[in-house]
Amino acid sequence: MALQNTESESRKLLGRLRETMADASAEGQMRLDRIVQLIASSMQTEVCSIYLFRDDETLELCATEGLNPEAVHQTRMRIGEGLVGRVAKLARAINTANAPQTRGFRFMPETGEEIYSSFLGVPVQRLGDVLGVLVVQSKEAREFTEDEVYGLDVVAMVLAEMTELGAFVGEGDALAALHTQPEMFRGVVGQEGAAVGQVWLHEPRVVVTNPVADDPAVEADRLARALERLRVSVDDLLKGASEDGDQRDVFEAYRMFANSRSWVRRMEEDIARGLSAEAAVEKEQSAARARLSQSSDAYLRERLHDLDDLSNRLLRILTGQGRDTGAEMPENPILIARNIGPGELLEYGRTLKGIVLEQGSVGSHAAIVARAWAIPLVLQSEGIIAEALNGDQIMVDGEQGIVHLRPDDTVASAFRDKLAMQAEAQERYAGLRDLPAQDKSGKTLHLHMNAGLMADLPSLDSSGAEGVGLFRTELQFLIRNQVPRRGELANLYGRVLDAANGKKVVFRTLDIGSDKVLPYMKPQDEPNPALGWRAIRVGLDKVGVMRMQLQALLRAADGRPLSIMFPFIAQFEEFKQARQHLLDEVEREGKLGHALPSDLEIGAMLETPSLGFAPRQFYEMADFISIGGNDLKQFFFAADRENERVRRRYDTLNVSYLTFIEQIVNRCADTGTRLSFCGEDAGRPVEAVCFAAMGLRTLSMRPASIGPVKSLLRRVDLDEAREVIDKARGSGDQSVRPAVMEWLRSLPR
Ligand code: PEP
Ligand code: MG
């Protein structure tokens, strides 16, 4: 049989497919029927069939030329089942001259296919997602040529794009279009609360609206020009990268791919077959993703990831889509991203109603920002990016870590009930605002709030916080493109103090490094950034910035009381040095004739276990100490606060950890040093009660936690809590949580 699979034949076929797609009078099924006829006739095979996924597991015969038409929408198979199921599972073509003898063959009498000997099936896939399988079959027992396989692959690519665009969905269609069905995703709770809104993708999907092009020369030229721009941007990335290290390796790999003849040649061949430049990029990207999912070689996987990222960049150049497209955010945006840094999140500001991340961790600073703003956050919500489209209706259940995408009416109404309950609880907490944070026996706690932006200050009043126990000054540095100037900072800190209206504000000096990377700072290629050059270590090595910040704080105080603490102090000497810098600045300001603070308190954050064992003199010198539990806990248990897999293994109410905290409480009591706790755990009611039972009297938390913490505190007796804890500690329990929870449940409501 003369099979005409020349480039021009392929282009002709693609052109016809495009006409079918453009024909507005044709419904989904009609289009599919035409397509199988076109392919069968172009490839001169007796059979052409399209199978599409009906749900995650099941493929359905959606159109056929040659098989029994009655089997359409009746024949189904599970992924992996039969040759068609295997093509979908392996995301790879199967090409055989003798289908019945080929591994995996399954006889399906309803299709009448046993008489066809040759079988060629290729996956219909888009960016690594297999959407279905395209099959041609013929009676003559022969293997299809490489050229034919390639030709069918190109057609499958166009089919994938058409499927994505909803070209096959018609009225009463049994098969749902992608991105139209309700979907539920389970993730990890990052911040409680419920939110309803519309999807806003941090990196919107690139939509290819023109998979088929008429003029290969024009497309080849577009590709060449886009590649040139890509190469220039990769060279720029390389120029900006530090001399050695991982980042440079990655960019070197980018450059290698961007100049790779074989990659470019494959895309040029795709174009010669009739694909548009962007469809060609996507086709090769899909192939790379399929290889990625099959490969266990770590090095190869890394490189395929690089190629994937590079393809995305190329697609963005070609389509002008992606970030900064000028699209308008919806009214109630719910941000969806793979991951996000604190700086990027701050750029969005408080407009976001909810956040859903595919990765991310509770301990990250982006999560802390979301928590500070009380924006419901769900982490580790796998697969949501592929499903969500900008503008989709979405409901985020931050209590359970569940996300409903395009929810149906039942889910939506249950969700609205939840929102109403949440509002009711808020009202209850608001009613506690002016009541003291006291336990039943009258022991009083001091509840402060954490802040980092001017916009947080109004919460001081609404939450009933006594003051700001932690003002994270780095947020101001993260949202800018360059180091802020002293005058600017002094002005801002001054406004913070004004807004606090006499309530105390504890300013923490710049705490950068680890996951807080300043956009204008040369990235440090450190193997373990959390254990690396960060916080006070940067401050003491680059004293210019720290001193500038201290001057700004002194000027902002302008004669008012001032509290400053230094982050991440691991040994006495660091505190002494940092404190001395501050005292020098005070002296300098005095000499310059500026007003000095009426009262200056200098404290340290206890975030490393070592400081718990520092000399007594440290405790005597520090005016106050604040336990940074987020960092302390990660170092105490040697468990990365950003790594969900290890982070949750260790309970905050672990006996060793509580005992360590008790030891710090005792040391501070000995020297009369004021002590507070300002990590995220302070805002969790059960944890807060346990800390208070261990003797902590000042807790600083996000404003939204003050109500819930106060509410629980007012129901308990801290001495009783202590008894429960001590009993559990004495019994060899790993964590006191079960005993404490049982006790709490026994309390009257
Ligand atoms: C902490 O580590 O607990 C803390 C309050 O600091 P940050 O979360 O900003 O590192
Ligand atoms: Mg910290």
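Being in a helix (DSSP H, G or I) and open to solvent by less than 40 Å² (accessible area, probe 1.4 Å) is the filter here, so list the residues in segment 58-89 that pass it. Those that are in a helix (DSSP H, G or I) and open to solvent by less than 40 Å² (accessible area, probe 1.4 Å): ALA71, GLY82, LEU83, VAL84, GLY85, VAL87, ALA88. Within segment 714-749, being over 34 Å from the mean Cα position of the chain (by Cα) and of a type in the set (A, V, I, L, M) holds for VAL716, LEU718, ALA721, VAL724, ILE725, ALA728, ALA739, LEU744, LEU747. Screening ARG266 against (1) open to solvent by less than 80 Å² (accessible area, probe 1.4 Å); (2) on the phi < 0 side of the Ramachandran plot leaves a single unmet condition, (1). Evaluate the following for LEU653: is it buried (at least 20 other Cβ atoms within 10 Å of the Cβ), out of contact with any Phe, Trp or Tyr (no Cβ under 9 Å at 6 or more places or on another chain), in contact (Cβ under 8 Å) with a residue 12 or more places away in the chain and in the same structural domain as THR608 (by TED's automatic domain parsing)? Taking the combined requirement at face value, the residue satisfies it.
Could you look through segment 607-651, keep only residues that are polar (S, T, N, Q) and within 15 Å of ligand 2 (Cβ to nearest atom), and pick out the one that is farthest from SER563 (Cα to Cα)? Looking at residues that are polar (S, T, N, Q) and within 15 Å of ligand 2 (Cβ to nearest atom), I get GLN634. The residue list VAL411, VAL396 contains one member that is assigned to a strand (DSSP E or B), more than 22 Å from ALA692 (Cβ to Cβ), out of contact with any Phe, Trp or Tyr (no Cβ under 7 Å at 6 or more places or on another chain) and in contact (Cβ under 8 Å) with a residue 12 or more places away in the chain, which is VAL396. Quick one: in segment 489-527, which of the residues that are touching a residue at least 60 places away in the same chain (Cβ under 8 Å) and out of contact with any helix residue (DSSP H, G or I) (no Cβ under 7 Å at 6 or more places or on another chain) is nearest to GLU601 (Cα to Cα)? So the residue we want is VAL506. The set of residues in segment 658-680 that are within 16 Å of ligand 2 (Cβ to nearest atom), open to solvent by less than 10 Å² (accessible area, probe 1.4 Å) and modelled with pLDDT of 95 or more comprises ILE661, ILE664, PHE677, CYS678.
On the given criteria, is PHE575 within 16 Å of ligand 2 (Cβ to nearest atom) and on the phi > 0 side of the Ramachandran plot? No: the conditions fail for PHE575. Taken together, ARG579, ARG641, ARG645 contain a single residue that is surrounded by 16 or more Cβ atoms within 10 Å (Cβ to Cβ), more than 24 Å from ASP726 (Cα to Cα) and modelled with pLDDT under 95, which is ARG641. For segment 611-626, does any single residue satisfy the condition of being of a type in the set (Val, Ile, Thr), within 16 Å of ligand 1 (Cβ to nearest atom), part of a loop (DSSP other than H, G, I, E, B) and in the same structural domain as VAL543 (by TED's automatic domain parsing)? So far as segment 611-626 goes, no, none of its residues is of a type in the set (Val, Ile, Thr), within 16 Å of ligand 1 (Cβ to nearest atom), part of a loop (DSSP other than H, G, I, E, B) and in the same structural domain as VAL543 (by TED's automatic domain parsing). For segment 449-470, a residue qualifies if it is within 16 Å of ligand 2 (Cβ to nearest atom) and in contact with a Ser or Thr (Cβ under 7 Å, 6 or more places away or on another chain), and the qualifying residues are ASN450, GLY469, LEU470.
The residues listed here are VAL196, VAL250, VAL234, VAL189; of these, the one that is in the same structural domain as PRO376 (by TED's automatic domain parsing) and modelled with pLDDT under 90 is VAL189. Of all residues in segment 269-309, those being open to solvent by less than 20 Å² (accessible area, probe 1.4 Å) and more than 21 Å from ASP153 (Cβ to Cβ) number 1. Only one residue in MET548, MET521 is hydrophobic (A, V, I, L, M, F, W, C), in a loop (DSSP other than H, G, I, E, B) and either more than 16 Å from ligand 1 (Cβ to nearest atom) or at positive phi (or both). Which one? One residue alone meets the criteria, MET521.
Within segment 451-471, if we keep just the residues that are modelled with pLDDT of 95 or more and out of contact with any helix residue (DSSP H, G or I) (no Cβ under 6 Å at 6 or more places or on another chain), the residue that is farthest from MET546 (Cα to Cα) turns out to be GLU466.
The values are calculated or read from the model by the stated rules, or taken from the named source; none is laboratory data. Since the structure is predicted, the reported quantities are computational estimates derived from the model, not experimental observations. Every residue, glycine among them, receives a Cβ derived from its backbone with ideal geometry; neighbour counts consider all protein chains shown. These accessible areas exclude ligands, DNA and RNA; they are computed on the full protein's heavy atoms, side chains included. Shrake-Rupley method; radii C 1.70, N 1.55, O 1.52, S 1.80 Å.
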